């Protein structure tokens, strides 16, 4: 029995750098809901941005945002995670030393950066369409840190090695798309947030399907009863999945077409 579908966005539902969903996914999600199947959008993106992406059906789905640091259902926060402030500030300082990256701090009210790079700020506001606040210095932010991310327009290989060497023993560092690495709050990931949501809804994890393409999806893929890695996923992701697919929409269409609920 299928009671939920959980899917990553970037690289999974949003392919090849797309920032808007294929409209047919909205109809598929509504058809699934009629069959008693809840759709859960699971992303490293902020909650407000995911709602924007799913605007036509934003109140019909559940949300795992900020790589699991914020889980929301029917407007209610189901779970949240925080990065310890002192650790977060050390990560920010390490980013300044690296020089070729740009920080993004996620708090419940805003995404915040102290980068003055115009191309980066334009990318955040106009391409991925985050609600971005700029400040002179992230050290002055007093809100709890939900998640930290670093953007390197040259890709993630070098920046990942740099930050893992320094912080892997203290916090999980994962790729999130082609130009981002994310620092995830302890005990917060897409899997733990999904588990909290399913417990809230009294749904067994085995009664669902998950889709993903990056290492920030691993815990979610492992939790779900059935899991799909995308054909263009990061190397090794298919190991954590039951199947490989080129299209989430095609799998959902098959589910609806076969009547396998």
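The values are calculated or read from the model by the stated rules, or taken from the named source; none is laboratory data. Source: prediction; values computed, not measured. Using ideal geometry, Cβ is built from the backbone for each residue, glycine included, and neighbour counts are taken over all protein chains shown.
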Could you tell me which of the residues 196, 149 is under 18 Å from the mean Cα position of the chain (by Cα), assigned by TED's automatic domain parsing to the domain that holds residue 45 and in contact (Cβ under 8 Å) with a residue 12 or more places away in the chain? 196
From the set of residues in the stretch 159-172 that are over 20 Å from residue 185 (Cβ atoms) and free of Cβ contacts under 8 Å to residues at least 24 places away in the same chain, which is nearest to the chain's Cα centre (by Cα)? 161
If you scan the stretch 10-22, which residues turn out to be out of contact with any strand residue (DSSP E or B) (no Cβ under 6 Å at 6 or more places or on another chain) and either buried (at least 23 other Cβ atoms within 10 Å of the Cβ) or under 21 Å from residue 200 (Cβ atoms) (or both)? 11
Looking at (1) touching a residue at least 60 places away in the same chain (Cβ under 8 Å); (2) surrounded by 21 or more Cβ atoms within 10 Å (Cβ to Cβ), find the lone condition where residue 175 falls short. (1)
How many of the residues in the stretch 223-261 are in a helix (DSSP H, G or I) and under 26 Å from residue 30 (Cα atoms)? 12
Meets criteria (at pLDDT 95 or above, surrounded by fewer than 18 Cβ atoms within 10 Å (Cβ to Cβ) and more than 16 Å from residue 41 (Cβ to Cβ)) for residue 231: yes
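Rundown of residues vs (1) in a loop (DSSP other than H, G, I, E, B); (2) under 24 Å from residue 78 (Cα atoms); (3) in contact (Cβ under 8 Å) with a residue 24 or more places away in the chain, yes/no style:
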position: 21; (1), (2), (3): yes, no, yes
position: 31; (1), (2), (3): no, no, yes
position: 48; (1), (2), (3): no, yes, yes
position: 52; (1), (2), (3): no, yes, yes
